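Working notes for the structure below.
What follows draws every value from the coordinates through simple rules; no lab data is involved. Remember, it's a predicted structure, so these values are computed and weren't measured experimentally. For neighbour counting, all protein chains shown are included, and Cβ atoms are generated from backbone atoms with ideal geometry for every residue, glycine included.
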Amino acid sequence: GAVVSQHPSWVICKSGTSVKIECRSLDFQATTMFWYRQFPKQSLMLMATSNEGSKATYEQGVEKDKFLINHASLTLSTLTVTSAHPEDSSFYICSAKPSGRGTYEQYFGPGTRLTVT
Amino acid sequence: SQQGEEDPQALSIQEGENATMNCSYKTSINNLQWYRQNSGRGLVHLILIRSNEREKHSGRLRVTLDTSKKSSSLLITASRAADTASYFCAKGGGNKLTFGTGTQLKVEL
């Protein structure tokens, strides 16, 4: 149990276009999901916390108008990179926190590699 | 900002040897977690140690926590080639996890 999927697993897009990444909790409900980005050989940096039915909370330095997050249901959060540029190329990973459980558990998706040309 | 610094940044050992990775952090924690990441993949949760615990075991993994020194270590015993991956510590507090810089472990045959 506790499986999180991401779609797509990789995407290549042209500069100026928008890309949507989906994060789904497959066998549990998640009131809270998190979005991270990771540059090659670096650590994960938290971008935002996504709460079902409310606005996402963005970390300092993350442009909320560029990285749109929607958490419309208890099993799905989406991250849209708007007007993508080559510097947005990165590995994006989501995690989901099961509803109603202790605060410590988070389950990670397999990640989405975005390449902007 | 990252709260955890890990060392070494990279570690190369022979199969069968033990691997030790260290993590230091700056502020207080509720818990500290260790994750593994294979190249280009998501994270796999390895072990969680609470702030009131000093040592925890899981299979070939042993984690220690010293809150007075704000540090933790992960020991992998009898390493295998399949243990080759990046290992991250993550400070847990409230909802968020704050990841360390990671250690890239390579286990050679």
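With a threshold of 20 Å on the Cα-Cα distance, the over-threshold entries among A:41/B:56; A:20/A:64; A:66/A:97; A:55/B:96; A:20/A:66 are A:41/B:56; A:66/A:97. Take each residue of peptide A:38-46, count the partner chain Cβ atoms within 10 Å of its Cβ, and average: the result is 6. Counting only other chain Cβ atoms within 10 Å of each residue's Cβ, the peptide B:33-45 averages 5.
So what does log10 I(q)/I(0) come out to for the stretch A:44-108 at q = 0.13, 0.22 Å⁻¹, using the Debye formula with one equal point on every Cα and no solvent? Results for the stretch A:44-108 at q = 0.13, 0.22 Å⁻¹ read -0.38, -1.04. For the stretch B:11-109, a simple Cβ point-charge model (Lys and Arg +1, Asp and Glu -1, everything else neutral) yields a dipole of about 380 debye relative to the Cα centre. How many percent of Cα pairs in the protein assembly as shown exceed 26 Å? Value for the protein assembly as shown: 37 percent of Cα pairs lie more than 26 Å apart.
Stokes-Einstein diffusion of the stretch A:1-86 at 37 °C, 0.692 mPa s viscosity, Kirkwood radius from Cα pairs, rounded to a whole number: 242 µm²/s. Take the Cα of residue A:115, step 7 Å toward its Cβ, do the same at residue B:78, and the gap between the two points is 4.1 nm. Each residue of the stretch B:58-67 was assigned a 3J(HN,Hα) from its phi angle through the Karplus curve 6.51 cos²θ - 1.76 cosθ + 1.60 (θ = phi - 60°); the sequence is 8, x, 8, 9, 9, 10, 10, 9, 10, 6 Hz, with glycine and proline shown as x. For chain B, modelled as a GNM whose springs connect Cα atoms under 10 angstrom apart, the maximal fluctuation among B:22, B:52, B:31 occurs at B:52.
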